[in-house]
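Reviewing the structure listed below.
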Amino acid sequence: DLDARLSINSNDEIGSLAEAINNLAEDLQRYRDTRQEFFANISHELRTPITYLEGYSKVVKDRLYDTDEERDQYLDIIHQESLRLQHLVNDLFELAKMEEGKISLSSEWIDLTEITDNAVRKIQLKANDKGLQLNTHISRSIPLIYGDGLRTEQVLINLLENAVRYTEKGEINVYLQEEPTYVYIAVEDTGIGIPEDELPLIFERFYRVEKSRSRLHGGTGLGLSIAKRLLELQGGEMLVTSTIGIGTRFEIRFMRDEQGEHT
Ligand code: ADP
C-alpha cells in the first residue's frame with residue numbers, strides 16, 4: 001500500500017530509483033483497486049439474475065400464484081434472466097480472452113458493404129418491432145480494408161442493438177462512407193442521448209448511464225468496452241458524439257489501406 005512509499009531525499013541515482021519504485025507501487029495499487037472493483041462488479045451482475053431465478057422458480061415450484069397468467073409472467077422472468085446470464089457469461093469469456101491476449105483475429109481483405117448489409121438485415125426486425133425506421137446510406141465503391149470480418153460485424157451489430165435499445169421513436173441511420181485517409185461506418189439514432197460528462201465512461205467495463213434502464217433492456221454494460229477493444233486490435237477506432245434528448249452517433253473508423261482495391 002501507499003504507506004510503503006520510500007522517502008529518500010536525494011537528487012542522485014538512488015533518489016530517482018526510489019521515485020521509480022514509488023511510481024511502480026502506485027501503479028500496482030491502482031491495478032489492485034481496478035481488479036477488486038472488477039470482481040465486485042461481476043459478482044453483483046451475476047447475483048442479480050440468480051436472485052430472480054431462485055425466487056421466481058420457487059414461486060412456480062410451490063405453486064404460489066393465483067392464475068395461469070401470473071405463472072406465465074414468472075416463467076417469462078425466469079426465461080429473460082436466463083438469457084441475461086448467458087449473455088453475461090459470453091461477454092465475460094470474450095473479455096477474459098482479450099485481457100490475456102488470447103483472442104485471435106483473422107486478417108483478411110474485408111468488404112464493409114457486405115458487412116453493413118448483413119448487420120442491418122439482422123437488426124431490421126428489432127427496429128420494426130419498435131416502430132423505428134432503419135435507413136442505410138452506403139456510398140458506392142468503398143475500398144476493401146484489412147481486418148476481421150466477423151468481429152467487425154459483431155461490433156456493428158452491437159452499435160445497432162444499442163441504437164434500437166436506447167431509442168423510443170424516430171429513426172436509425174447507418175452510413176458507410178469514405179474519406180481520403182479512412183473509411184467509416186456511422187450509426188446515428190434519435191434516442192435518449194448520453195450526458196456529455198459520461199461520454200468517456202461508456203467504454204468502461206460495466207458502465208451504464210442509467211443503471212435501471214439498461215438493465216431493463218437486457219444490457220450488461222460490457223458491450224461497448226468489448227467492441228472498442230475489438231476494433232482497436234484491428235487498428236480501427238471508435239468515436240461517439242451525443243446530445244441529450246436528440247440522439248447519439250457512433251462512428252467506427254478504419255484506416256484506408258493503399259492496396260485496398262475498390263469493390
Ligand atoms: P449495455 O449492455 O448496458 O447497453 P454497453 O457497453 O453497450 O452496455 O453501453 C454502455 C452504456 O452506454 C449503456 O448502458 C447506455 O447507458 C449507454 N449507451 C450505449 N449506446 C447508447 C445509445 N445509442 N444511446 C444512448 N445511450 C447509449
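Observations, loosely collected:
- With neighbour counts taken as other beta-carbon atoms within 10 Å, the residues T67, T116, T48 rank, fewest first, as T67, T48, T116.
- Over 26 Å between alpha carbons, listed pairs K58/K122; K122/K228; K122/K169: K58/K122
- Which of H79, F39, N9, positive extreme of dipole for the chain (C-beta unit charges): H79
- Net charge dipole size for the range 1-154 [Lys, Arg +1 and Asp, Glu -1 on Cβ; Debye, nearest 20]: 460
- Inter-label distance, nm, simple model (7 Å from Cα along the C-beta direction), H44/S7: 3.6
- DSSP bridge orientation in the chain - percent antiparallel, rounded to nearest 5: 80
- Neighbour counts of other Cβ atoms within 10 Å put T113, T248, T181 in the fewest-to-most order T181, T113, T248.
Rule-based calculations on the coordinates, nothing more; no lab input. Because the structure is predicted, anything quoted here is derived from the model rather than measured. Neighbour counts run over all protein chains shown; Cβ positions are idealised from the backbone, glycine included.
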